[in-house]
(Lines give C-alpha, C1' and ligand atoms only; values in the text may rest on other atoms or scores of the structure.)
Protein backbone atom coordinates (compact mmCIF):
# COMPACT_ATOMS: atom_id res chain seq x y z
CA UNK A 1 0.00 0.00 0.00
CA UNK A 2 2.96 2.33 -0.53
CA UNK A 3 2.14 5.62 -2.25
CA UNK A 4 4.72 8.10 -3.52
CA UNK A 5 3.84 11.79 -3.17
CA UNK A 6 5.68 13.40 -6.06
CA UNK A 7 6.38 17.12 -5.77
CA UNK A 8 8.87 19.64 -7.07
CA UNK A 9 11.91 19.84 -4.80
CA UNK A 10 11.87 23.00 -2.67
CA UNK A 11 15.37 24.35 -2.03
CA UNK A 12 16.23 26.46 0.98
CA UNK A 13 15.27 30.09 0.45
CA UNK A 14 12.72 29.27 -2.27
CA UNK A 15 9.98 31.85 -3.02
CA UNK A 16 6.77 31.75 -0.99
CA UNK A 17 4.77 30.07 -3.75
CA UNK A 18 7.26 27.17 -3.89
CA UNK A 19 7.44 26.81 -0.11
CA UNK A 20 3.69 26.29 -0.16
CA UNK A 21 4.37 22.92 -1.76
CA UNK A 22 5.78 21.55 1.49
CA UNK A 23 2.53 22.36 3.29
CA UNK A 24 0.70 20.51 0.53
CA UNK A 25 2.92 17.45 0.93
CA UNK A 26 2.25 17.31 4.67
CA UNK A 27 -1.53 17.63 4.21
CA UNK A 28 -1.65 14.89 1.54
CA UNK A 29 0.52 12.66 3.73
CA UNK A 30 -1.90 12.95 6.65
CA UNK A 31 -4.89 12.25 4.40
CA UNK A 32 -3.30 9.20 2.80
CA UNK A 33 -2.39 7.76 6.18
CA UNK A 34 -6.00 8.26 7.27
CA UNK A 35 -7.09 6.25 4.23
CA UNK A 36 -4.79 3.37 5.15
CA UNK A 37 -1.91 4.02 2.78
CA UNK A 38 1.81 4.22 3.52
CA UNK A 39 2.84 7.49 1.86
CA UNK A 40 6.37 8.70 1.32
CA UNK A 41 7.55 12.00 -0.18
CA UNK A 42 9.44 12.00 -3.46
CA UNK A 43 10.96 15.41 -4.27
CA UNK A 44 11.75 15.74 -7.97
CA UNK A 45 14.42 17.82 -9.68
CA UNK A 46 15.56 17.95 -13.30
CA UNK A 47 17.44 14.72 -12.61
CA UNK A 48 14.44 12.76 -13.86
CA UNK A 49 16.40 9.52 -14.08
CA UNK A 50 16.96 9.70 -10.33
CA UNK A 51 13.21 9.98 -9.79
CA UNK A 52 12.50 7.17 -12.23
CA UNK A 53 15.06 4.91 -10.55
CA UNK A 54 13.60 5.64 -7.11
CA UNK A 55 10.10 4.77 -8.31
CA UNK A 56 11.31 1.61 -10.05
CA UNK A 57 13.00 0.53 -6.84
CA UNK A 58 10.14 1.22 -4.43
CA UNK A 59 7.28 0.30 -6.83
CA UNK A 60 4.49 2.23 -5.11
CA UNK A 61 0.89 1.22 -5.72
CA UNK A 62 0.43 4.61 -7.36
CA UNK A 63 1.84 8.14 -7.33
CA UNK A 64 0.01 11.15 -5.92
CA UNK A 65 1.26 13.85 -8.26
CA UNK A 66 1.35 17.42 -6.91
CA UNK A 67 4.29 18.71 -8.97
CA UNK A 68 3.58 22.36 -9.84
CA UNK A 69 7.06 23.21 -11.11
CA UNK A 70 10.57 21.79 -11.43
CA UNK A 71 13.55 23.91 -10.43
CA UNK A 72 10.99 26.67 -9.88
CA UNK A 73 9.88 26.62 -13.54
CA UNK A 74 6.19 26.08 -14.27
CA UNK A 75 6.96 25.28 -17.89
CA UNK A 76 8.37 21.92 -16.76
CA UNK A 77 5.25 20.76 -14.90
CA UNK A 78 4.35 18.17 -17.54
CA UNK A 79 7.66 16.32 -17.22
CA UNK A 80 6.70 14.58 -13.97
CA UNK A 81 3.64 12.77 -15.37
CA UNK A 82 5.55 12.12 -18.60
CA UNK A 83 8.08 10.10 -16.57
CA UNK A 84 5.22 8.23 -14.90
CA UNK A 85 3.69 7.47 -18.29
CA UNK A 86 7.06 6.11 -19.40
CA UNK A 87 7.17 3.89 -16.32
CA UNK A 88 3.54 2.82 -16.88
CA UNK A 89 2.83 3.84 -13.31
CA UNK A 90 -0.66 5.09 -12.32
CA UNK A 91 -0.93 8.58 -10.87
CA UNK A 92 -3.55 11.04 -9.73
CA UNK A 93 -4.57 14.13 -11.64
CA UNK A 94 -4.19 15.30 -15.20
CA UNK A 95 -2.04 13.64 -17.87
CA UNK A 96 1.10 15.27 -19.19
CA UNK A 97 -0.67 16.48 -22.35
CA UNK A 98 -3.30 18.39 -20.37
CA UNK A 99 -0.69 19.95 -18.12
CA UNK A 100 1.35 21.12 -21.08
CA UNK A 101 -1.66 22.62 -22.89
CA UNK A 102 -2.91 24.48 -19.83
CA UNK A 103 0.44 25.65 -18.45
CA UNK A 104 1.37 27.52 -21.64
CA UNK A 105 -1.05 30.44 -21.58
CA UNK A 106 -0.73 31.22 -25.29
CA UNK A 107 -1.47 27.65 -26.34
CA UNK A 108 -4.27 27.58 -23.78
CA UNK A 109 -5.85 30.79 -25.09
CA UNK A 110 -5.67 29.61 -28.69
CA UNK A 111 -7.28 26.32 -27.64
CA UNK A 112 -10.02 28.16 -25.75
CA UNK A 113 -10.78 30.42 -28.70
CA UNK A 114 -10.83 27.53 -31.16
CA UNK A 115 -13.38 25.80 -28.92
CA UNK A 116 -15.59 28.88 -28.78
CA UNK A 117 -14.81 29.52 -25.11
CA UNK A 118 -14.53 33.25 -24.30
CA UNK A 119 -11.07 34.49 -23.36
CA UNK A 120 -9.64 38.01 -23.39
CA UNK A 121 -7.79 39.33 -26.44
CA UNK A 122 -4.01 39.19 -26.29
CA UNK A 123 -0.79 40.33 -27.93
CA UNK A 124 2.45 38.33 -28.03
CA UNK A 125 5.99 39.55 -28.83
CA UNK A 126 5.73 37.78 -32.20
CA UNK A 127 2.83 39.99 -33.32
CA UNK A 128 4.02 42.44 -35.94
CA UNK A 129 2.85 45.86 -37.01
CA UNK A 130 1.93 48.88 -34.99
CA UNK A 131 -1.85 48.69 -34.94
CA UNK A 132 -3.82 50.81 -32.50
CA UNK A 133 -4.96 49.19 -29.26
CA UNK A 134 -7.92 50.21 -27.11
CA UNK A 135 -7.87 49.98 -23.33
CA UNK A 136 -5.35 48.54 -20.89
CA UNK A 137 -3.28 45.38 -21.14
CA UNK A 138 -1.73 43.25 -18.41
CA UNK A 139 1.67 41.68 -19.07
CA UNK A 140 1.96 38.10 -17.82
CA UNK A 141 4.47 35.26 -17.91
CA UNK A 142 3.58 32.72 -20.59
CA UNK A 143 4.38 29.68 -18.46
CA UNK A 144 4.21 30.67 -14.80
CA UNK A 145 1.25 30.37 -12.46
CA UNK A 146 0.57 31.63 -8.91
CA UNK A 147 0.51 35.26 -10.18
CA UNK A 148 4.30 35.19 -10.47
CA UNK A 149 5.55 38.53 -11.82
CA UNK A 150 2.17 40.27 -11.60
CA UNK A 151 1.90 43.62 -9.80
CA UNK A 152 0.31 47.04 -10.41
CA UNK A 153 3.08 47.84 -12.87
CA UNK A 154 2.07 44.90 -15.06
CA UNK A 155 -0.89 46.87 -16.43
CA UNK A 156 -0.44 49.61 -19.01
CA UNK A 157 -2.33 51.57 -21.67
CA UNK A 158 0.02 51.04 -24.63
CA UNK A 159 -1.81 52.79 -27.47
CA UNK A 160 -0.23 50.49 -30.07
CA UNK A 161 1.16 47.00 -30.46
CA UNK A 162 4.61 48.50 -31.01
CA UNK A 163 4.59 50.23 -27.62
CA UNK A 164 3.24 47.11 -25.92
CA UNK A 165 5.84 44.82 -27.48
CA UNK A 166 8.57 47.22 -26.32
CA UNK A 167 7.27 47.08 -22.74
CA UNK A 168 7.00 43.29 -22.95
CA UNK A 169 10.69 43.17 -23.81
CA UNK A 170 11.48 45.16 -20.65
CA UNK A 171 9.30 42.92 -18.47
CA UNK A 172 10.79 39.79 -20.01
CA UNK A 173 14.28 40.89 -19.05
CA UNK A 174 13.10 41.60 -15.52
CA UNK A 175 11.24 38.29 -15.11
CA UNK A 176 13.67 36.14 -17.06
CA UNK A 177 10.62 34.50 -18.64
CA UNK A 178 8.64 34.65 -21.86
CA UNK A 179 5.71 37.06 -21.58
CA UNK A 180 2.56 38.13 -23.41
CA UNK A 181 -0.04 40.84 -22.87
CA UNK A 182 -3.71 40.21 -22.21
CA UNK A 183 -6.52 42.74 -22.43
CA UNK A 184 -7.23 43.86 -18.87
CA UNK A 185 -10.85 43.21 -17.93
CA UNK A 186 -12.23 45.57 -15.32
CA UNK A 187 -14.79 43.61 -13.35
CA UNK A 188 -15.34 40.69 -11.01
CA UNK A 189 -13.07 37.66 -10.47
CA UNK A 190 -14.31 34.11 -9.93
CA UNK A 191 -12.70 30.71 -9.28
CA UNK A 192 -14.57 27.51 -10.10
CA UNK A 193 -13.26 24.22 -8.71
CA UNK A 194 -14.01 20.95 -10.47
CA UNK A 195 -13.56 17.40 -9.14
CA UNK A 196 -13.94 14.06 -10.89
CA UNK A 197 -17.06 12.18 -9.88
CA UNK A 198 -18.91 8.98 -10.72
CA UNK A 199 -20.88 10.80 -13.42
CA UNK A 200 -18.06 12.96 -14.74
CA UNK A 201 -16.72 16.33 -13.60
CA UNK A 202 -18.58 17.93 -10.69
CA UNK A 203 -18.42 21.70 -10.32
CA UNK A 204 -18.33 22.80 -6.70
CA UNK A 205 -19.70 26.08 -5.31
CA UNK A 206 -18.31 29.07 -7.22
CA UNK A 207 -16.12 31.53 -5.33
CA UNK A 208 -15.68 35.23 -5.96
CA UNK A 209 -12.59 37.17 -4.95
CA UNK A 210 -13.61 40.49 -3.44
CA UNK A 211 -11.53 43.67 -3.54
CA UNK A 212 -12.38 45.29 -0.22
CA UNK A 213 -11.59 48.96 0.47
CA UNK A 214 -9.53 49.27 -2.70
CA UNK A 215 -9.07 52.96 -3.53
CA UNK A 216 -10.38 54.13 -6.89
CA UNK A 217 -6.87 54.51 -8.28
CA UNK A 218 -5.80 50.95 -7.38
CA UNK A 219 -6.29 48.14 -9.88
CA UNK A 220 -8.40 45.16 -8.86
CA UNK A 221 -5.78 42.45 -9.36
CA UNK A 222 -5.15 39.11 -7.71
CA UNK A 223 -1.42 39.72 -7.95
CA UNK A 224 1.53 38.03 -6.24
CA UNK A 225 1.06 40.01 -3.03
CA UNK A 226 -2.64 39.12 -2.88
CA UNK A 227 -1.79 35.43 -3.06
CA UNK A 228 1.37 35.14 -1.01
CA UNK A 229 2.47 38.17 1.04
CA UNK A 230 0.40 37.90 4.23
CA UNK A 231 1.34 41.30 5.66
CA UNK A 232 0.33 43.15 2.49
CA UNK A 233 -2.77 45.27 1.87
CA UNK A 234 -3.60 43.09 -1.13
CA UNK A 235 -3.54 39.84 0.87
CA UNK A 236 -5.66 41.26 3.69
CA UNK A 237 -8.26 42.83 1.39
CA UNK A 238 -9.00 40.10 -1.15
CA UNK A 239 -11.26 37.69 0.75
CA UNK A 240 -13.12 34.86 -0.92
CA UNK A 241 -16.90 34.56 -0.76
CA UNK A 242 -19.33 31.79 -1.70
CA UNK A 243 -22.41 33.87 -0.92
CA UNK A 244 -24.27 35.45 -3.83
CA UNK A 245 -27.46 37.33 -4.50
CA UNK A 246 -30.08 35.30 -6.35
CA UNK A 247 -29.68 37.68 -9.30
CA UNK A 248 -26.23 36.12 -9.89
CA UNK A 249 -27.82 32.71 -10.52
CA UNK A 250 -27.76 32.81 -14.34
CA UNK A 251 -24.15 34.04 -14.37
CA UNK A 252 -23.02 31.30 -11.97
CA UNK A 253 -24.75 28.65 -14.09
CA UNK A 254 -22.95 29.98 -17.16
CA UNK A 255 -19.60 29.84 -15.36
CA UNK A 256 -20.26 26.23 -14.32
CA UNK A 257 -21.09 25.25 -17.89
CA UNK A 258 -17.92 26.89 -19.21
CA UNK A 259 -15.80 25.20 -16.52
CA UNK A 260 -17.12 21.79 -17.60
CA UNK A 261 -16.42 22.62 -21.23
CA UNK A 262 -12.84 23.58 -20.33
CA UNK A 263 -12.47 20.21 -18.60
CA UNK A 264 -13.50 18.37 -21.76
CA UNK A 265 -11.52 20.54 -24.20
CA UNK A 266 -8.23 20.13 -22.32
CA UNK A 267 -8.74 16.47 -21.40
CA UNK A 268 -8.44 17.19 -17.68
CA UNK A 269 -8.65 14.39 -15.13
CA UNK A 270 -8.93 14.33 -11.36
CA UNK A 271 -9.41 17.99 -10.58
CA UNK A 272 -9.08 21.50 -11.96
CA UNK A 273 -9.69 25.14 -11.15
CA UNK A 274 -10.93 27.57 -13.79
CA UNK A 275 -10.37 31.29 -13.18
CA UNK A 276 -12.67 33.91 -14.71
CA UNK A 277 -13.07 37.66 -15.02
CA UNK A 278 -16.57 38.97 -15.66
CA UNK A 279 -16.82 42.43 -17.22
CA UNK A 280 -19.24 45.20 -16.30
CA UNK A 281 -21.75 43.86 -18.85
CA UNK A 282 -21.79 40.43 -17.19
CA UNK A 283 -19.72 38.72 -19.90
CA UNK A 284 -17.36 35.99 -18.58
CA UNK A 285 -13.83 35.42 -19.86
CA UNK A 286 -11.60 32.49 -18.93
CA UNK A 287 -8.28 33.69 -17.55
CA UNK A 288 -6.69 30.33 -16.84
CA UNK A 289 -7.37 26.61 -16.57
CA UNK A 290 -5.27 25.11 -13.78
CA UNK A 291 -5.16 21.34 -14.30
CA UNK A 292 -3.08 20.73 -11.17
CA UNK A 293 -4.44 23.21 -8.60
CA UNK A 294 -2.87 23.73 -5.21
CA UNK A 295 -4.57 21.68 -2.48
CA UNK A 296 -3.10 23.06 0.70
CA UNK A 297 -5.76 23.07 3.44
CA UNK A 298 -6.18 26.85 3.07
CA UNK A 299 -6.30 26.90 -0.75
CA UNK A 300 -9.25 28.15 -2.75
CA UNK A 301 -9.79 24.69 -4.19
CA UNK A 302 -10.14 23.05 -0.79
CA UNK A 303 -12.35 25.91 0.43
CA UNK A 304 -14.75 25.11 -2.43
CA UNK A 305 -14.65 21.40 -1.60
CA UNK A 306 -15.49 22.11 2.03
CA UNK A 307 -18.28 24.43 0.99
CA UNK A 308 -19.62 21.54 -1.09
CA UNK A 309 -19.52 19.19 1.90
CA UNK A 310 -16.26 17.29 1.40
CA UNK A 311 -13.45 16.99 3.93
CA UNK A 312 -9.81 17.13 2.87
CA UNK A 313 -9.50 13.36 3.23
CA UNK A 314 -12.59 12.82 1.10
CA UNK A 315 -11.09 14.99 -1.66
CA UNK A 316 -7.92 12.88 -1.67
CA UNK A 317 -10.05 9.74 -1.68
CA UNK A 318 -12.04 11.00 -4.70
CA UNK A 319 -8.82 11.74 -6.60
CA UNK A 320 -7.63 8.20 -5.94
CA UNK A 321 -10.98 6.74 -6.95
CA UNK A 322 -10.94 8.69 -10.21
CA UNK A 323 -7.42 7.44 -10.96
CA UNK A 324 -8.38 3.81 -10.29
CA UNK A 325 -11.45 4.12 -12.51
CA UNK A 326 -9.09 4.88 -15.43
CA UNK A 327 -6.84 1.87 -14.91
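The values are calculated or read from the model by the stated rules, or taken from the named source; none is laboratory data. Computed from a predicted model, the values in this text were never measured in an experiment. Counting neighbours? That spans all protein chains shown, and the Cβs are built from the backbone with ideal geometry, glycine included.
When you go through (1) under 29 Å from residue 94 (Cβ atoms); (2) part of a helix (DSSP H, G or I) one by one for residue 234, which number turns out not to apply?
(1)
Those residues that are crowded, with 24+ Cβ neighbours inside 10 Å and in a helix (DSSP H, G or I), I need them from the range 85-107; list them, please.
Across the range 85-107, the qualifying residues are 99, 102, 103, 105.
Applying the selection to the range 42-61, what residues are touching a helix residue (DSSP H, G or I) at 6+ places or on another chain (Cβ under 8 Å), buried (at least 16 other Cβ atoms within 10 Å of the Cβ) and not in a helix (DSSP H, G or I)?
Selection gives 42, 44.
When you check residue 268 against the structure, is it part of a strand (DSSP E or B) and surrounded by 18 or more Cβ atoms within 10 Å (Cβ to Cβ), yes or no?
Against the criterion (part of a strand (DSSP E or B) and surrounded by 18 or more Cβ atoms within 10 Å (Cβ to Cβ)), residue 268 does not qualify.
What about residue 31, is it outside the structural domain of residue 270 (by TED's automatic domain parsing) and either within 25 Å of residue 298 (Cα to Cα) or outside any helix (DSSP H, G or I) (or both)?
The answer is yes for residue 31.
So for the range 274-287 (the condition being in contact with a helix residue (DSSP H, G or I) (Cβ under 9 Å, 6 or more places away or on another chain), assigned to a loop (DSSP other than H, G, I, E, B), outside the structural domain of residue 135 (by TED's automatic domain parsing) and surrounded by 13 or more Cβ atoms within 10 Å (Cβ to Cβ)), does at least one residue qualify?
No, the range 274-287 has no match at all.
Which of the residues belonging to the range 311-321 are under 23 Å from residue 275 (Cα atoms) and either buried (at least 19 other Cβ atoms within 10 Å of the Cβ) or free of Cβ contacts under 8 Å to residues at least 60 places away in the same chain (or both)?
Selection gives 311, 315, 316, 318, 319.
Anything in the range 187-218 that is at negative phi, out of contact with any strand residue (DSSP E or B) (no Cβ under 7 Å at 6 or more places or on another chain) and in a loop (DSSP other than H, G, I, E, B)? List them, or say none.
198, 199, 205, 211, 212, 214, 215, 216, 217, 218
Answer with yes or no whether residue 326 is under 26 Å from residue 182 (Cβ atoms) and surrounded by fewer than 18 Cβ atoms within 10 Å (Cβ to Cβ).
On the way: under 26 Å from residue 182 (Cβ atoms): no; surrounded by fewer than 18 Cβ atoms within 10 Å (Cβ to Cβ): yes.
No: the conditions fail for residue 326.
Across the range 123-136, what is the number of residues that are touching a helix residue (DSSP H, G or I) at 6+ places or on another chain (Cβ under 6 Å) and either touching a residue at least 60 places away in the same chain (Cβ under 8 Å) or not in a loop (DSSP other than H, G, I, E, B) (or both)?
Counting residues in the range 123-136 that are touching a helix residue (DSSP H, G or I) at 6+ places or on another chain (Cβ under 6 Å) and either touching a residue at least 60 places away in the same chain (Cβ under 8 Å) or not in a loop (DSSP other than H, G, I, E, B) (or both) gives 1.
Do you know which of the residues in the range 13-32 that are over 20 Å from residue 72 (Cβ atoms) and touching a strand residue (DSSP E or B) at 6+ places or on another chain (Cβ under 8 Å) is surrounded by the most Cβ atoms within 10 Å (Cβ to Cβ)?
Applying the filter and picking the extreme gives 28.
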